[in-house]
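K.L.:
Have a look at the structure that comes next, please.
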Amino acid sequence: MLESFLYYKDVLDYWGQRDKDYQMFALSNEEWRNVVILCKFLKVFYDVTCVFSSSNYPTANLYFRGVWKVHKLLIDIVKGPCSFLTPMVKQMQEKFNKYWAEYSLILSCAASLDPRYKLNYVQYCFNTIYGIHASDFVETILSNLRLLFDEYVKKSKSTSSSLAGSSNVSNKNPVDSGLDEHNDNNADFGGYFDESDDYKRYLNESSTKSEKSQLDIYLEEPELELNSQIDVLDYWSKSSVRYNELSLLAHDLLAIPISIVASESTFSMGKKVITPLRSSLKPKRFKPLFSWMIGCELRDFQQKLVAKRTMRTMRTVFLQFLFKIHSF
């Protein structure tokens with residue numbers, strides 16, 4: 001609406017000069033400048049809302065960029081010369097900072113798993129907000145990402161080891177084991193101690209220490225074009241062979257919704273419709289709840305009915321009383 005208003009600025013100014021009745025509504029040059037500033041201010045919220053409330057539910061990697069833009073805008077308005085917006089923006093900042101303090105970490109981790117952003121873009125965003133203290137926040141994000149990734153690695157190893165153990169038990173051939181016992185090539189130099197298993201563990205530990213993790217390799221690779229259009233879930237599905245555990249982490253982290261409210265009902269004036277996915281009450285719970293709701297409505301109706309009858313009775317008695325007085 002403000003954009004349409006600005007589009008007809010010259011027409012409205014001309015109308016204010018010609019029509020005396022409209023002159024009291026005509027805006028001055030300063031007021032027109034304030035309208036332009038307000039339009040740009042609200043445009044950021046409009047664009048972010050369009051991303052968050054799109055028909056397809058967005059993945060969690062998109063939230064950080066939008067929320068950061070709002071955060072940066074509020075800071076610039078408070079520090080800038082727009083004094084007419086400052087009181088309102090300060091109140092907005094108080095509520096926004098509470099949200100940012102609680103959710104900035106998880107939003108940053110999700111953004112780091114976007115191949116267009118990674119950790120460099122997150123660091124850039126924090127630099128614009130916190131300046132020299134941004135490195136502390138980035139270190140916190142990276143350490144939490146490593147902790148999450150390590151948990152997925154442990155889970156993957158435990159699953160693979162259990163599968164390998166079951167396959168070894170089922171595939172063990174007693175004939176082969178008997179042949180191994182009499183194989184002359186298997187010389188036993190240690191007597192009671194067989195170091196082969198211990199040596200394998202040593203090799204695995206040393207290779208783990210020397211090799212870079214999947215997370216480190218992913219973060220060191222160059223980012224994709226910032227404004228390129230990609231399906232981030234499809235990217236991680238195709239990269240699951242190369243980044244096995246990291247792709248599992250990405251799928252779980254990117255699926256986190258920013259809100260449980262249906263996006264299409266954010267600014268809708270229509271009735272709220274309960275979709276089959278949101279209607280999760282079972283019949284045994286819905287029946288007593290529905291009966292309780294009907295009972296409350298019936299009690300309210302009965303109370304209103306009794307109140308109306310009481311008022312009607314009092315009105316009749318009062319009219320009879322007036323009639324008797326008038327007859328005397």
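K.L.:
Being closer than 30 Å to Pro115 by Cα and aliphatic (A, V, I, L, M) narrows it down to one of Val36, Val11, Val78, Val67, so name that one.
P.N.:
Working: Val36 fails: closer than 30 Å to Pro115 by Cα; Val11 fails: closer than 30 Å to Pro115 by Cα; Val78 fails: closer than 30 Å to Pro115 by Cα.
Of Val36, Val11, Val78, Val67, the one residue that is closer than 30 Å to Pro115 by Cα and aliphatic (A, V, I, L, M) is Val67.
K.L.:
Within segment 239-275, how many residues are modelled with pLDDT of 60 or more and of a type outside the set (D, E, K, R)? Spell out the reasoning first.
P.N.:
Filtering segment 239-275 down to residues modelled with pLDDT of 60 or more leaves 239-259.
Right, trim to of a type outside the set (D, E, K, R) and you get 239-241, 243-244, 246-251, 253-259.
Summing the residues that are modelled with pLDDT of 60 or more and of a type outside the set (D, E, K, R) in segment 239-275 gives 18.
K.L.:
In segment 209-224, which residues are farther than 17 Å from Arg116 by Cβ, open to solvent by less than 80 Å² (accessible area, probe 1.4 Å) and in a loop (DSSP other than H, G, I, E, B)?
P.N.:
Ser213
K.L.:
Here is a follow-up. Pick from segment 225-238 the residues that are at pLDDT 90 or above and surrounded by 14 or more Cβ atoms within 10 Å (Cβ to Cβ): which of them is farthest from Leu105 (Cα to Cα)?
P.N.:
Tyr235
K.L.:
In this structure, is Lys20 out of contact with any helix residue (DSSP H, G or I) (no Cβ under 6 Å at 6 or more places or on another chain), part of a loop (DSSP other than H, G, I, E, B) and either without any contact (Cβ under 8 Å) to a residue 60 or more places away in the chain or of a type in the set (A, V, I, L, M, F, W, C) (or both)? I'd like the intermediate steps shown before the answer.
P.N.:
Working: out of contact with any helix residue (DSSP H, G or I) (no Cβ under 6 Å at 6 or more places or on another chain): yes; part of a loop (DSSP other than H, G, I, E, B): yes; either without any contact (Cβ under 8 Å) to a residue 60 or more places away in the chain or of a type in the set (A, V, I, L, M, F, W, C) (or both): yes.
Considered against the rule, which asks whether it is out of contact with any helix residue (DSSP H, G or I) (no Cβ under 6 Å at 6 or more places or on another chain), part of a loop (DSSP other than H, G, I, E, B) and either without any contact (Cβ under 8 Å) to a residue 60 or more places away in the chain or of a type in the set (A, V, I, L, M, F, W, C) (or both), Lys20 comes out as yes.
The values are calculated or read from the model by the stated rules, or taken from the named source; none is laboratory data. Computed from a predicted structure; not experimentally measured. Because the Cβ atoms are built from the backbone with ideal geometry, glycine has one as well, and the counts that use them run over all protein chains shown. To get the accessible areas, we keep the full protein, side chains included, count just its heavy atoms, and leave off ligands, DNA and RNA. Shrake-Rupley method; radii C 1.70, N 1.55, O 1.52, S 1.80 Å.
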